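Since the structure comes first, as structure tokens, the remarks are kept for the end.
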Amino acid sequence: MSFDLLEVHRLKAQGGPTWHLYEQLLAEADAAMHDSPAHRVLGEFQKQWEANPNGMADWVHSLVAARIKAVEAARG
């Protein structure tokens with residue numbers, strides 16, 4: 001499978017934190033050398049998205065919720 005424009009449109013339609021994370025991973029990969037850890041992380045994200053878009057969206061939302069909870073806990 002290759003991550004094509006259709007998948008990018010599906011991700012963009014998903015919006016929210018899932019789209020934001022994809023944009024962040026893409027920017028990091030664009031700034032990195034070929035076959036860098038950033039490219040591998042982006043590739044794994046794309047592979048998981050193609051296999052299970054809803055599962056990935058749920059995972060991203062739970063990741064964001066955990067980060068918010070950690071920040072709130074640190075604030076006291």
- Please find, within the range 33-48, the residue that is nearest to Glu7 (Cα to Cα) out of those that are of a type in the set (A, V, I, L, M, F, W, C) and modelled with pLDDT of 95 or more. Phe45
- Query: Being assigned to a helix (DSSP H, G or I) and loosely packed, with under 11 Cβ neighbours inside 10 Å, is that true of even one residue in the range 48-59?
  - Reply: yes
- Determine if the range 36-47 includes at least one residue that is of a type in the set (S, T, N, Q), surrounded by 14 or more Cβ atoms within 10 Å (Cβ to Cβ) and in a helix (DSSP H, G or I). yes
- Note on the structure: For the range 6-23, pairs from a residue that is closer than 22 Å to Ala38 by Cα to a residue that is surrounded by fewer than 14 Cβ atoms within 10 Å (Cβ to Cβ) and of a type in the set (D, E, K, R), with Cβ under 6 Å and 6 or more apart or across chains, are Trp19/Lys12
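The values are calculated or read from the model by the stated rules, or taken from the named source; none is laboratory data. For clarity, every value in this text was computed on a predicted model and none was experimentally measured. Cβ atoms come from the backbone with ideal geometry, glycine included; neighbour counts cover every protein chain shown.
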